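Since the structure comes first, as C-alpha cells, the remarks are kept for the end.
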Amino acid sequence: SQQGEEDPQALSIQEGENATMNCSYKTSINNLQWYRQNSGRGLVHLILIRSNEREKHSGRLRVTLDTSKKSSSLLITASRAADTASYFCATDAGNQGGKLIFGQGTELSVKP
Amino acid sequence: NAGVTQTPKFQVLKTGQSMTLQCAQDMNHEYMSWYRQDPGMGLRLIHYSVGAGITDQGEVPNGYNVSRSTTEDFPLRLLSAAPSQTSVYFCASKAGTLRAKNIQYFGAGTRLSVL
C-alpha cells in the first residue's frame, strides 16, 4: 500500500497565486522528499526535509514537516504557468537501503 | 551528462511476449530501482538493487525479474507480458544508502502497452 497520501488530487489556480499541497504518511521516517513531474517526463527532485527539521525553503518552495501528525506540506509561492506539473511526496523510512515510497501525487494547473 | 537512460521509450507487446526494459546510469550510483506508474496510483516500487549482484523485491514484483551484473545497468525483464502490465515504467538511481543524500534521479520512462 502507498505510504503517502496527497491532498488535493488536483489543484487549479491563477498565475501569481500560492499553491499548497499536503502529504500524509503512515510510518516513522528518516526524511521526506518532494518531486515534480512534467507531463510525459520523469520525476525531478525538488527538496528534502529530514525528520528533525520542521521547515525548509528553496527559492519559491517552502516545505513543512510535522512528524507528530505524520504530515508535510509543499507551498509554491507566486506560481507561474511553468509550475504546471504533478507533485509527489516520497518518504524514506530508513530501511531497505533507503527505499522511497511515493504518494499518489497532486496535479497542479496554473492558468496564465 | 546522460544521467539515467531508459530504452525503449515506447513499446507495444502482445500478451505472452517477453521483453527487457533497459536502464543505464553513468553517475556511478550504487542504488537503482524500477517503478511503475499507473493513473491514480502514483509510483509503485517493483524491484531495487543496493549494488552490483544484489537485488530485492519492492511492492509489486510479480511478473518481473531483474539482475544487476554491473553498477551501470539494471534491466527489467517481463517474462510473459500481461495486459495488467500496461503502464509507464521508470528507472531511478541514487548515490547510495546514506540517509542524508537519499535523492533519486529518474529516467524519462518507458511507455508499455500489452494487448
Two pseudo-spin positions, 7 Å from Cα along C-beta at residue B:41 and at residue B:28, lie apart in nanometres by 3.7 nm
The answer for the net charge of residues other than residue A:44 whose Cβ lies under 13 angstrom from its Cβ, with Lys and Arg +1 and Asp and Glu -1, is +1
Sequence-separation-based contact order of region A:1-105, relative, with Cα cut under 8 Å and 6+ spacing, percent: 37 percent
Total charge dipole magnitude, region A:26-68, about the Cα centre, Cβ charges on Lys, Arg, Asp, Glu only, Debye to nearest 20: 160 debye
Read phi for every residue in region A:63-71 and hand back ³J(HN,Hα) as whole Hz from Karplus 6.51 cos²θ - 1.76 cosθ + 1.60, θ = phi - 60°, with x for Gly and Pro. 10, 10, 9, 10, 6, 5, 9, 6, 8
Mind listing the long-range amide H neighbours of residue A:15? Cut-off is under 5 Å, sequence gap 5 or more, other chains count too, H placed in the peptide plane at 1.01 Å from N. A:111
Any chance you could list P(r) for region A:22-103, counting all Cα-Cα pairs in 10 angstrom bins from zero, rounded to whole %? 18, 52, 27, 4
Which Cα, out of B:61, B:18, B:35, lies furthest along the positive dipole direction of region B:1-66 (beta carbon charges, K/R +1, D/E -1)? B:18
Expressed as a fraction of 2.2 N^0.38 Å, the rule-of-thumb size for a compact globular protein of N residues, what is the C-alpha radius of gyration of the protein assembly as shown? 1.01
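Mind counting lysine pairs for me in chain A? Cα separation below 20 Å, and the two need to be 8 or more apart along the chain or on different chains. Working shown, then result.
Values: A:26/A:69; A:26/A:70; A:26/A:99; A:56/A:69; A:56/A:70; A:70/A:99.
Lysine pairs meeting both conditions in chain A amount to 6.
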Roughly how big is region B:32-115's charge dipole about its Cα centre, with Cβ charges of +1 (Lys, Arg) and -1 (Asp, Glu), in debye to the nearest 20? 160 debye
Pseudo-spin-label distance residue A:10 to residue A:111, built 7 Å along Cα→Cβ, given in nm, is 1.3 nm
Backbone HN-Hα couplings from phi across region B:25-36 [Karplus 6.51/-1.76/1.60, Hz, Gly and Pro as x]: 10, 10, 9, 6, 7, 6, 9, 9, 8, 10, 10, 10
Cut-off under 5 Å, modelled amide H: who pairs with residue A:105 long-range: A:6, A:89
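Laboratory data are not the source of any read-out in this text; all were calculated from the coordinates shown. In this text, all values refer to a predicted model and were calculated from it rather than measured experimentally. Every residue, glycine as well, gets a Cβ built from its backbone with ideal geometry; the counts of neighbours run over all protein chains shown.
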